[in-house]
Structure formats: structure tokens, C-alpha cells
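Everything on this sheet refers to the single structure shown next.
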Amino acid sequence: MSQKRIFPRLIISGIILFSLGLAMYIATLEYFEPDVNTKASLVFTALGFCATLYAPVAAFILYDSWKSQTKFNRVTHNIIELQKTLHEYVSALRLLRQRIIFPYSRKKFNNDEEEYRDNLKRLFDQKVCEINAAHKFRYEAFKILNITKTDTYIQANLLEQLYHDLNQLIDDIHQELDQFNKTYCIFIKSYYKEENDLRAYLKSEDYKKLTYQLSINREFDNLYKTKQQLPISLSTNPTQPIFSRNIDTFIERTDILCKRLLETYEKIS
């Protein structure tokens with residue numbers, strides 16, 4: 001709560017109590033008709049009575065203001081933390097797509113099938129660990145969002161649409177990450193094919209489309225070669241590109257929604 005709201009409450013409560021003391025003083029004069037010395041004594045008594053009542057009232061207003069300010073600081077801090085966490089979530093997705101290691105051929109392992117498959121498993125396990133690390137940002141984002149919703153329970157109806165949109169944004173990033181996981185599984189499994197089948201597959205259009213969807217680098221290579229205006233996203237149908245989930249769009253949505261949430265909360269608090 002700002003000082004602009006605190007001071008009017010303090011002043012209004014002071015005026016009310018002063019008016020109460022003045023009314024008591026006037027009533028005493030009317031009914032008891034005291035002498036001059038008694039009148040002066042009554043003035044000090046009325047003022048003392050007002051001051052006695054005003055002290056706890058002022059203390060309550062200041063305490064209530066402190067609680068409101070503490071809550072305001074906590075909520076605004078959490079909104080900023082939510083924005084930061086969503087940025088990290090999107091960055092984790094971007095990094096996953098930037099660090100795609102293409103498996104060596106069997107010749108690299110002297111045609112040792114067991115060593116070749118162990119290498120494929122290591123690549124897969126490493127990527128799974130990176131995917132799981134990225135998932136933690138989703139849980140953290142949901143946690144912060146739920147804490148913020150709880151703290152703003154009274155104003156929830158005014159912020160409901162923004163909370164819904166942020167929740168949808170987190171789900172959309174998760175879907176993109178989940179699609180990446182599925183795509184990478186297909187990518188690694190394709191290398192378990194027999195040598196002749198694998199050679200043919202690596203030259204196929206299906207493999208090219210798979211790598212375009214999986215790797216940002218391959219995606220932009222494809223963009224350059226085909227002179228398209230927008231990159232193919234992970235959720236794109238290879239035969240009919242739909243550019244609905246560009247990673248940069250997640251960042252833009254994050255910044256817009258968090259800014260609106262912060263501004264709206266500041267206005268209603």
C-alpha cells in the first residue's frame with residue numbers, strides 16, 4: 001500500500017476522533033455549564049481521550065499498511081521470477097535443439113555392433129538427462145504461478161484471464177519439449193537399422209525432415225536452402241509447414257503476459 005493511501009486514512013481517522021472529542025466537550029459544556037478552569041481541564045481531557053484512541057487506530061493502520069506492502073512486494077517479486085523462469089525454460093528448449101550430436105557410423109567402431117549400440121545409448125541417455133533438466137523449469141513456473149494466484153486470491157477475478165494465458169503458455173512450451181522428446185527418440189532409433197537400410201534412410205527425405213524438426217541448425221539450413229520466410233517448428237507437419245510455435249514467440253508471449261500481469265496487479269493494489 002502506498003503512502004498516498006496511508007496518509008488519508010490516518011488523517012480521516014484523526015478527524016473522526018477529534019470530532020468525537022469535540023462533541024463530548026460541547027455536550028459537557030451544555031449539560032454541566034462548568035467554570036473557566038474546568039473548561040480548560042475538559043479541553044485537555046478531550047484531547048487526551050482522542051489521543052488515547054488515536055494511538056491504537058494509527059498503529060493498526062500502519063500495521064495493515066505494512067502487511068499490504070509486504071504482500072505487494074512478494075507478488076511483484078514472484079511475477080518477475082516467473083518471467084525469469086519462463087525465459088530459462090525456453091532457453092533450455094533452445095539449447096536442446098542446438099546441441100544435437102549425430103551418431104558416428106559403424107566404421108568408427110570398427111563395425112563392433114555392441115560398441116556402436118552402446119554409443120547410441122549414451123547419446124540417448126545424455127539427451128534424456130538434458131530433457132529432464134529442462135522439465136524442472138516447468139514445475140518451478142507452475143509453483144510460482146500458483147503462489148501468485150494464492151496471494152492475489154481477492155483480486156483473482158480481475159487477473160483470471162492473465163493467469164489462464166500464462167498457464168497455457170507453460171503448457172505450450174511443455175508440448176514443444178514433449179514433441180522434441182518424441183522426435184529425438186525416432187531419430188536415435190533410426191540408427192539401429194541394419195547398415196544397408198540405414199545408408200538408404202540417411203539419404204531419404206524422411207530423414208531430412210526429421211532432422212529439420214529436431215535441430216535448429218538443420219532447420220535454418222533448410223530455411224536458407226528453400227528460401228522460406230519462417231523456420232519449421234517442432235510441431236510442424238513436414239508436408240504442410242505451420243509456423244505456430246516459433247521459440248522466439250514463447251519469449252515474446254512471456255514478456256507481454258508478465259508485463260500485463262505486473263501492471264494490472266499494481267493498478268488494483
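The values are calculated or read from the model by the stated rules, or taken from the named source; none is laboratory data. None of the values given here were measured: they were computed from a predicted structure. As a convention, Cβ positions derive from the backbone with ideal geometry for all residues, glycine included, and neighbour counts pool all protein chains shown. For accessibility, only protein heavy atoms count, side chains too; no ligands or nucleic acids. Shrake-Rupley method; radii C 1.70, N 1.55, O 1.52, S 1.80 Å.
List of remarks:
- Estimated inter-spin distance, ASN167 and GLN126, nm [label 7 Å along Cα→Cβ]: 3.9 nm
- ILE256 sits among other residues whose Cβ lies under 13 Å from its own Cβ, and their net charge, with Lys and Arg +1 and Asp and Glu -1, is -2.
- The accessible area of HIS135, taken with all protein chains in place and a 1.4 Å probe, comes to roughly 40 Å².
- Order of exposure, largest accessible area first, which applies to SER105, SER204, SER215 with probe 1.4 Å: SER105, SER204, SER215
- FRET efficiency, GLN155 to PHE102 (Cβ-Cβ, R0 45 Å, nearest 0.05): 0.30
- Whole-Å distance, taken between Cα centres, linking segment 80-112 and segment 159-204: 12 Å
- Dimensions (Å) - segment 82-202, Cα atoms, principal axes, largest first: 67, 21, 18
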